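Colleague: This is the structure I have questions about; it appears just below.
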Amino acid sequence: MPELRRLHAGHAPAVLAFEVANRAYFAASISDRGDDYFDQFTARYDDLLAEQEAGVCAFYVLVAEDGSVLGRFNLYDIVEGRTADLGYRVAQHVAGQGVATATVEELCRLAATRHGLRTLRAATSHENTASQKVLAKAGFTPTGPAHPTDLGGKQGTWYQRDLRAATLTPAGREAVPWAADTV
């Protein structure tokens, strides 16, 4: 069963493999990270860990039983322990199977219980209908237009979710058992 885990230094090789294997897939719906991202991966990864240590971000990976990364789920720009922005991406071979929705729902619970957050925001481009569906199923509602600088030059929409009832999914279901957080 896949597990949602807090990002740590040992995940670096699996995260890089995930990004390389899914680069073209991701570029079809979100802005490509560019060659510099891959050329400077180690330094950028170390910067992420430093941001996480400073408490301004919280990064998670969904890890398969074989240790490979199935998805990345990030809380970034945490403001005074109240709000954060959500970003996520899942591997092409698990897309459309409910993995993103279930994991976003679990991250909402963690954002409330572990990180003390009250509100999450997420932006998605108009073309990324899969992400729009994930956000809607996970209890996010549209709040207004996203500026193209928020989405790598693409037009889109900001979504928001109140986390005060984040211990249950929007449908009132308990957390999925495979999405338990392990540190």
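The values are calculated or read from the model by the stated rules, or taken from the named source; none is laboratory data. All of these numbers come straight from a predicted model, not from anything done at the bench. Quick reminder, even Gly has a Cβ in these numbers, built from the backbone with ideal geometry, and neighbours come from all protein chains shown.
Colleague: Does Gly55 meet the test of being more than 21 Å from Glu19 (Cβ to Cβ), loosely packed, with under 15 Cβ neighbours inside 10 Å and modelled with pLDDT under 95?
Modeller: Yes; evaluated as a whole, the condition is true for this residue.
Colleague: Moving on. Exactly one condition in (1) part of a strand (DSSP E or B); (2) in contact with a helix residue (DSSP H, G or I) (Cβ under 8 Å, 6 or more places away or on another chain) is false for Ala100; which is it?
Modeller: In the conditions (1) part of a strand (DSSP E or B); (2) in contact with a helix residue (DSSP H, G or I) (Cβ under 8 Å, 6 or more places away or on another chain), Ala100 misses (1) alone.
Colleague: Being more than 14 Å from Phe26 (Cβ to Cβ), touching a Leu at 6+ places or on another chain (Cβ under 9 Å) and touching a residue at least 60 places away in the same chain (Cβ under 8 Å) is true for just one of Arg109, Arg121. Which residue is that?
Modeller: Arg109
Colleague: Additional query: Is there any pair linking a residue in segment 86-106 that is over 11 Å from Phe26 (Cα atoms) to one that is of a type in the set (S, T, N, Q) and assigned to a strand (DSSP E or B), with Cβ under 6 Å and at least six apart or on different chains, and which?
Modeller: Gly87/Asn74
Colleague: Of the conditions (1) within 20 Å of Leu117 (Cα to Cα); (2) touching a helix residue (DSSP H, G or I) at 6+ places or on another chain (Cβ under 7 Å); (3) assigned to a helix (DSSP H, G or I), Tyr25 satisfies every one except a single condition; which number is it?
Modeller: Going through the list (1) within 20 Å of Leu117 (Cα to Cα); (2) touching a helix residue (DSSP H, G or I) at 6+ places or on another chain (Cβ under 7 Å); (3) assigned to a helix (DSSP H, G or I), Tyr25 breaks only (1).
Colleague: Sticking with this one: For Glu127, indicate whether it is crowded, with 17+ Cβ neighbours inside 10 Å and either farther than 25 Å from Leu163 by Cα or of a type outside the set (S, T, N, Q) (or both).
Modeller: The answer is no for Glu127.
Colleague: Starting from segment 2-20, keep only residues that are farther than 15 Å from Val94 by Cβ, then list their pairs with residues that are part of a helix (DSSP H, G or I) whose Cβ atoms are within a distance under 6 Å, requiring at least 6 positions of separation or different chains.
Modeller: Every condition considered, the pairs that remain are Ala12/Tyr45; Leu16/Phe41.
Colleague: Going through segment 133-162 one residue at a time, which ones are modelled with pLDDT of 95 or more, within 23 Å of Val61 (Cβ to Cβ) and not basic (Lys, Arg)?
Modeller: Val134, Leu135, Ala138, Gly139, Phe140, Tyr159
Colleague: Among the listed residues Glu65, Glu53, which satisfies the condition of being more than 19 Å from Thr129 (Cα to Cα), in a helix (DSSP H, G or I) and charged (D, E, K, R)?
Modeller: Among Glu65, Glu53, only Glu53 is more than 19 Å from Thr129 (Cα to Cα), in a helix (DSSP H, G or I) and charged (D, E, K, R).
Colleague: Quick check: anything in segment 67-82 under 27 Å from Phe140 (Cβ atoms), within 15 Å of the chain's Cα centre (by Cα), buried (at least 16 other Cβ atoms within 10 Å of the Cβ) and among the acidic types (Asp, Glu)?
Modeller: There is no residue in segment 67-82 that is under 27 Å from Phe140 (Cβ atoms), within 15 Å of the chain's Cα centre (by Cα), buried (at least 16 other Cβ atoms within 10 Å of the Cβ) and among the acidic types (Asp, Glu).
Colleague: Every residue in segment 117-162 that is touching a strand residue (DSSP E or B) at 6+ places or on another chain (Cβ under 8 Å), charged (D, E, K, R) and part of a loop (DSSP other than H, G, I, E, B), please.
Modeller: Correct list: Arg118, Lys154.
Colleague: Could you please let me know if Leu120 is modelled with pLDDT under 95 and surrounded by 18 or more Cβ atoms within 10 Å (Cβ to Cβ)?
Modeller: no
Colleague: Looking for whichever is of a type in the set (Lys, Arg), within 23 Å of Ser131 (Cα to Cα), assigned to a strand (DSSP E or B) and at pLDDT 95 or above here; the options are Arg72, Arg109. Which one fits?
Modeller: Criteria check complete, one pass: Arg72.
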